[in-house]
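To keep things clear, I will list the structure first and then write my remarks on it.
Every read-out reported here was derived from the displayed coordinates using simple, explicitly stated rules and does not represent laboratory data. Just so you know, these numbers come straight off a predicted model, no measurement behind them. No Cβ is skipped: glycine too gets one built from the backbone with ideal geometry, and neighbour counts run over all protein chains shown.
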């Protein structure tokens, strides 16, 4: 049965107080701290109804109550606003991320920022290869018969391989090979690269076909052999903070987080930037994470999603503040990648 507005207000107050104090909430304290417009007796009756419906529970024999996973879920679903970041926080995020020198630095700064802002465990996924396009392929002569192949994506990923040629290659030869490769690949999805390089061998001048065949094979292998997804983790020290419920084990959580596939599952299936996903307690199907909540979203440019990021913390987390931080960091990292890598 849907809750009326008054009971929703009581539930909201219980969540806020429990998140703030980490102590079970009683009716008298609730009535005294919040302007609910009713007596403590009425609040007590509303709390009894909330408990009957499974939104709150009594952890001990004291009169205090705490939210259940179901209660947190209703609280999150009914959130009308999130805590805005201060101007100083927004400027700090922007300046810190803008100082990054390459993609690894962007991801490292992003995950540290997110962990510091939320005081939770942060997870950031590198831009997905399946969502990246080739921006440029550079050929750097190391010797007359050796080239460094540098493949750069529009999301800042850089892959490098060294190639040995059977023929001596002049600077002009290298230029011809480079131009042909970029005409075929620039702007194409990275996943299409193995197919896109196939015609290059026959289209190359006869004297450069052997070199082009070697280059095409190396470029295709670079895409096919590279691990599809990478993630970075930060803030595991936050697991030792007192916000975690009694009985939970940070070692169990850390063990779960060591699995690469688990980190990707935490971020979930993301289809567009800014789409928020929140999983609370038992909604997490990963063993060892049933006492945690995960707030995640995608980041990217415009309607293009690069990858996902998010935080993991106790179910007793500051949801409005966490949501605001996750959204803000996702927005800034998307801007940094779009401005610093896509448009170079």
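Among 95, 116, 125, the largest mean-square fluctuation in a Gaussian network model of the chain, built with springs joining Cα atoms closer than 10 Å, belongs to 95. Taking 0.36 nm per residue of sequence separation and removing the Cα-Cα distance, the residue 28/residue 254 pair yields an extension gain of 77.5 nm. Each peptide among 311-317, 40-46 gets the average number of other Cβ atoms lying within 10 Å of its residues, and from highest to lowest they stand as 311-317, 40-46. How would you classify region 5-77 from its alpha-carbon gyration tensor, with a ≥ b ≥ c the square roots of the eigenvalues: rounded for a/c under 1.5, else prolate if a/b is greater than b/c, otherwise oblate? Judged from the Cα gyration tensor, region 5-77 comes out rounded (a/c under 1.5).
Taken as Cα centroids, region 152-172 and region 19-90 sit 60 Å apart, rounded to the nearest whole angstrom. The computed Rg and Dmax of the Cα atoms in Å for the structure shown corresponds, within (i) 19.0, 55; (ii) 22.5, 71; (iii) 26.2, 92, to (iii). Of the peptides 105-111, 75-81, 163-169, the order by per-residue mean of other Cβ atoms within 10 Å, starting with the highest, comes out as 105-111, 163-169, 75-81. Every helix of 4 or more DSSP H residues in the chain counts as -39500 (n - 2.57), and over all residues that averages to -13500 deg cm²/dmol at 222 nm. For region 76-200, the square roots of the Cα gyration tensor eigenvalues, ordered a ≥ b ≥ c, give a/c of at least 1.5 with a/b greater than b/c, which places it in the prolate category. Between the helical axis of 5-21 and the longest alpha-carbon principal axis of the chain there is an angle of about 70 degrees. Summary value for region 131-225: 28 percent relative contact order, contacts being C-alpha pairs under 8 angstrom separated by 6+ residues.
Ordering of 126-136, 292-302 by packing is 292-302, 126-136, highest average first (other Cβ atoms within 10 Å, averaged per residue). When only Cα pairs below 8 angstrom with a gap of at least 6 residues are kept, the chain shows a relative contact order of 19 percent. Tell me the angle of helix 319-337 to the major Cα principal axis of the chain, expressed in degrees between 0 and 90 and rounded to the nearest ten. So the inclination is approximately 10 degrees.
Helix 87-98 and the longest principal axis of the C-alpha atoms of the chain enclose an angle of approximately 20°.
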